[in-house]
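Undergrad: Okay, handing you the structure first.
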Amino acid sequence: MAEQGRRRDRGRDRDRGDDRDSEFVDKLVHINRVAKVVKGGRRFGFAALVVVGDQRGRVGFGHGKAREVPEAIRKATDSAKRGLIRVPLREGRTLHHDVAGRHGAGKVVLRAAEPGTGIIAGGPMRAVFETLGIQDIVAKSMGTSNPYNMVRATFDALKRQDSPRSVAARRGIKVSALQARRRDGGDAAASAEA
């Protein structure tokens, strides 16, 4: 009986994160129950989709399957922690530029937003942004509403995110020169230099 109570309490504080990994916040996005029909009746299994992040620019997602819900969630959380990605954020609150992502039939568009906008996004995408630490974003999902494909499409978009520092380093110029080119009209300034 005490074991059952402990198991029940463990699932309550999913959003706060684990005590041993207090830097990470995990959000349960979706649980799927599947039934296998066997000689004695039905045998149930559970699949969990979890998003994990440190709310400072690192985020990952994982998938876990087990006969019990807490075990499936634990497996998914461990899988998410193994696959963390770093996303550059502007002022620690929004994206540097608008970006689109795709996975299968899932398509998402992420747009940087002004301070005070908040997170305007659907369920699975909202969980990704909250664990990532984004405060202002406008996102739209098109195509499928399958949470797995929506999360994967969101991660595809986030992987395409570039900071001005990384773009300047790739081009071999300073960030201030990059910003000056952007103000002057971008391509016109580049062609004038050549």
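Undergrad: Report, by chain and number, residues whose modeled amide H sits under 5 Å from the one on residue 96, excluding near sequence neighbours (fewer than 5 apart, same chain).
TA: Residues meeting the amide H criterion: 90.
Undergrad: About its Cα centre, how strong a charge dipole does segment 82-173 have in debye, to the nearest 20, once Lys and Arg get +1 and Asp and Glu get -1 at the Cβ?
TA: On the way: 15 positive and 7 negative charges, 78 e Å.
That gives a dipole near 380 debye.
Undergrad: Place +1 on the Cβ of every Lys and Arg and -1 on the Cβ of every Asp and Glu in segment 19-101, take the dipole about the Cα centre, and give the residue among 50, 76, 66 whose Cα lies farthest towards its positive end.
TA: 66
Undergrad: May I pose another question? What accessible area per residue, rounded to a whole number of Å², is obtained for segment 62-194 using a probe radius of 1.4 Å?
TA: Accessible area per residue, segment 62-194: 55 Å².
Undergrad: Does segment 19-109 come out rounded, prolate or oblate, given a ≥ b ≥ c as the square roots of the eigenvalues of its C-alpha gyration tensor, rounded meaning a/c under 1.5 and, failing that, prolate meaning a/b above b/c?
TA: The shape class here is oblate.
Undergrad: Taking 7 Å along the Cα-to-C-beta vector as the label spot, tell me the residue 180-residue 100 distance in nanometres, rounded to one decimal.
TA: 3.4 nm
Undergrad: Right, next: So which of 36/140; 27/159; 27/140; 81/159 end up more than 28 Å apart, counting from Cα to Cα?
TA: Listed pairs above 28 Å: 36/140.
Undergrad: A follow-up question, please. Residue by residue, what Karplus-based ³J(HN,Hα) values in Hz, rounded to whole numbers, does segment 168-174 have, using 6.51, -1.76 and 1.60 with θ = phi - 60° and x for Gly and Pro?
TA: Ordered by residue, 3J(HN,Hα) equals 4, 5, 5, 8, x, 10, 7 Hz.
Undergrad: Is the shape of segment 95-194 best called rounded, prolate or oblate, per the rule: a/c under 1.5 gives rounded, else a/b larger than b/c gives prolate, else oblate, with a ≥ b ≥ c the square roots of the Cα gyration tensor eigenvalues? Walk me through the intermediate numbers first.
TA: Numbers: a/c = 2.68, a/b = 2.06, b/c = 1.30.
Prolate.
Undergrad: Kindly write out, for segment 176-184 in residue order, the coupling ³J(HN,Hα) from the Karplus curve 6.51 cos²θ - 1.76 cosθ + 1.60 (θ = phi - 60°), rounded to whole Hz, with x marking Gly and Pro.
TA: Ordered by residue, 3J(HN,Hα) equals 5, 5, 5, 5, 5, 4, 5, 5, 7 Hz.
The values are calculated or read from the model by the stated rules, or taken from the named source; none is laboratory data. Treat the numbers as computed from the prediction; the structure is a model and nothing was measured. Positions of Cβ are generated from backbone atoms using ideal geometry, with glycine treated the same way; all protein chains shown enter the neighbour counts. Please note that ligands, DNA and RNA were not included when accessible areas were found on the heavy atoms of the full protein model with its side chains. Shrake-Rupley method; radii C 1.70, N 1.55, O 1.52, S 1.80 Å.
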